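Heads up: the structure comes next, in structure tokens.
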Amino acid sequence: MKTQLEYAKDGIATKQMKEVAKAENIDIQALLLRISNGSIVIMNRGEASVGIGKGLSTKVNVNLGTSSLKIHPGDEVKKARIAQMYGADTITDLSMGGNISDIRNKIMENTTLPLTTVPIYQPAAQNGLGNINCDDIISNIKQQADEGISSFVLHCIEKKTLGIMKKGGRIMGLVSKGGSITSAFMILNNCENPFITNFDEILGILRRHDIVLSLGNTMRSGCIHDMRDKAQISEIKQNVKLARIANEAGVQVVIEGMAGISVQTG
């Protein structure tokens, strides 16, 4: 089965594309062109299709989720329902406490909006960073893909970029939670980023389910002093490289901007 990106490259307008074109009042051929060049992605979940990118309306994402200190699944479901009721376009579940799979499934049972996760969270929260390996991380990605997740945020920071950051004189270091967890895994295991070393396998999973890959911004700054340093530039270059590889494999990609705002690349 082809992805939305592959259909667009073949000049074929899918049902999802037609729905987005109608909702956004955009010419279908213009939409096809922008999907094919990577400047628009379509995030799907069941019958729901949301277009994100160049020339489309601004989308609202709602973050929610448990922590290790506050685990009330019913509250997260309530937040998700309220988000949909008041017009949110997408939801991101950042749960790190309780039965994470059950919480995620309950959110999906009570909403229809596309759902995003940061898949490093679950294995780290459930087993601890010192007790997981690459197989655990990939297994969790497969599980969530089978459940119907619409988009994954992966922090594909390289070891060399961590080295650049350490020498850069930052005040606040890493402020990205997913990026910090991924970096800690690399340091504990003295290894390269598992999302990079297993990138082809991960792309295969994403392509089969037409899941949007969101490349996280591990090196975003936490204060004015840390703005646009060498570590940020190194990550930007790496994310652009990976985005092109993903697009060539038929996977739709979002690159998160340095301020946390998502943009796309061709």
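Quick grid of which residues meet (1) open to solvent by 10 Å² or more (accessible area, probe 1.4 Å); (2) closer than 24 Å to ASN37 by Cα; (3) modelled with pLDDT under 95; (4) part of a loop (DSSP other than H, G, I, E, B):
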| position | (1), (2), (3), (4) |
| --- | --- |
| CYS191 | yes, no, no, yes |
| ILE196 | yes, yes, no, no |
| ASP200 | yes, yes, no, no |
| LEU206 | no, yes, no, no |
| SER221 | yes, no, yes, yes |
| HIS225 | yes, no, yes, no |
| GLN232 | no, no, yes, no |
| ASN239 | no, yes, no, no |
| ALA243 | no, yes, no, no |
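In this entry, ALA21 is excluded by the filter for residues that are touching a Leu at 6+ places or on another chain (Cβ under 6 Å) and closer than 20 Å to HIS209 by Cβ. Confirm whether LYS59 is among the charged types (D, E, K, R), modelled with pLDDT of 95 or more and part of a loop (DSSP other than H, G, I, E, B). Yes; evaluated as a whole, the condition is true for this residue.
For first residues located in the range 154-166 and touching a residue at least 24 places away in the same chain (Cβ under 8 Å) and within 23 Å of GLN122 (Cα to Cα), partners that are open to solvent by 10 Å² or more (accessible area, probe 1.4 Å) and outside any helix (DSSP H, G or I) and lie 6+ apart or on another chain with Cβ distances below 6 Å form the pairs LYS159/GLU192. Yes or no: the range 180-189 includes at least one residue that is in a helix (DSSP H, G or I), touching a Gly at 6+ places or on another chain (Cβ under 8 Å) and either of a type in the set (A, V, I, L, M, F, W, C) or open to solvent by 60 Å² or more (accessible area, probe 1.4 Å) (or both). For the range 180-189, residues in a helix (DSSP H, G or I), touching a Gly at 6+ places or on another chain (Cβ under 8 Å) and either of a type in the set (A, V, I, L, M, F, W, C) or open to solvent by 60 Å² or more (accessible area, probe 1.4 Å) (or both): present. If you go through the range 70-94 and keep only what is polar (S, T, N, Q) and open to solvent by less than 20 Å² (accessible area, probe 1.4 Å), you end up with THR90, THR92.
Would you say GLY97 is exposed (fewer than 15 other Cβ atoms within 10 Å of the Cβ) and either at pLDDT below 95 or over 24 Å from ILE255 (Cβ atoms) (or both)? Criteria not met by GLY97. No other residue among THR117, THR112, THR66, THR3 is of a type outside the set (Gly, Ala, Ser), open to solvent by less than 10 Å² (accessible area, probe 1.4 Å) and more than 30 Å from GLY128 (Cα to Cα) apart from THR3. Exactly one of these conditions fails for ILE107: (1) without any contact (Cβ under 8 Å) to a residue 60 or more places away in the chain; (2) open to solvent by 40 Å² or more (accessible area, probe 1.4 Å). Give me its number. With respect to (1) without any contact (Cβ under 8 Å) to a residue 60 or more places away in the chain; (2) open to solvent by 40 Å² or more (accessible area, probe 1.4 Å), ILE107 is out only on (2). Going through (1) in a strand (DSSP E or B); (2) open to solvent by less than 50 Å² (accessible area, probe 1.4 Å); (3) not basic (Lys, Arg) one by one, GLY38 falls short only on (1).
So which residues in the range 33-63 are of a type outside the set (Gly, Ala, Ser) and within 11 Å of VAL20 (Cβ to Cβ), if there are any at all? Passing the criteria: ARG34, ILE35, ILE40, VAL41, ILE42, MET43, ASN44, VAL50, ILE52, LEU56.
Residues of the range 173-189 that are in contact with a helix residue (DSSP H, G or I) (Cβ under 6 Å, 6 or more places away or on another chain) and at pLDDT below 95: LEU174 alone. Please verify whether SER214 is open to solvent by less than 30 Å² (accessible area, probe 1.4 Å), assigned to a helix (DSSP H, G or I) and not charged (D, E, K, R), treating the condition exactly as stated. It is false that SER214 is open to solvent by less than 30 Å² (accessible area, probe 1.4 Å), assigned to a helix (DSSP H, G or I) and not charged (D, E, K, R).
Would you mind stating whether THR14 is buried (at least 16 other Cβ atoms within 10 Å of the Cβ) and without any contact (Cβ under 8 Å) to a residue 12 or more places away in the chain? Spelling it out, THR14 is indeed buried (at least 16 other Cβ atoms within 10 Å of the Cβ) and without any contact (Cβ under 8 Å) to a residue 12 or more places away in the chain. Scanning the range 151-179 for residues that are open to solvent by less than 20 Å² (accessible area, probe 1.4 Å), part of a helix (DSSP H, G or I) and within 26 Å of GLN252 (Cβ to Cβ) gives THR161, GLY178, GLY179.
The values are calculated or read from the model by the stated rules, or taken from the named source; none is laboratory data. All of these numbers come straight from a predicted model, not from anything done at the bench. Note that we place each Cβ from the backbone using ideal geometry, even for glycine, and neighbour counts take in every protein chain shown. Ligands, DNA and RNA are stripped out before the accessible areas are found, and what is left, the full protein with its side chains, is counted by its heavy atoms. Shrake-Rupley method; radii C 1.70, N 1.55, O 1.52, S 1.80 Å.
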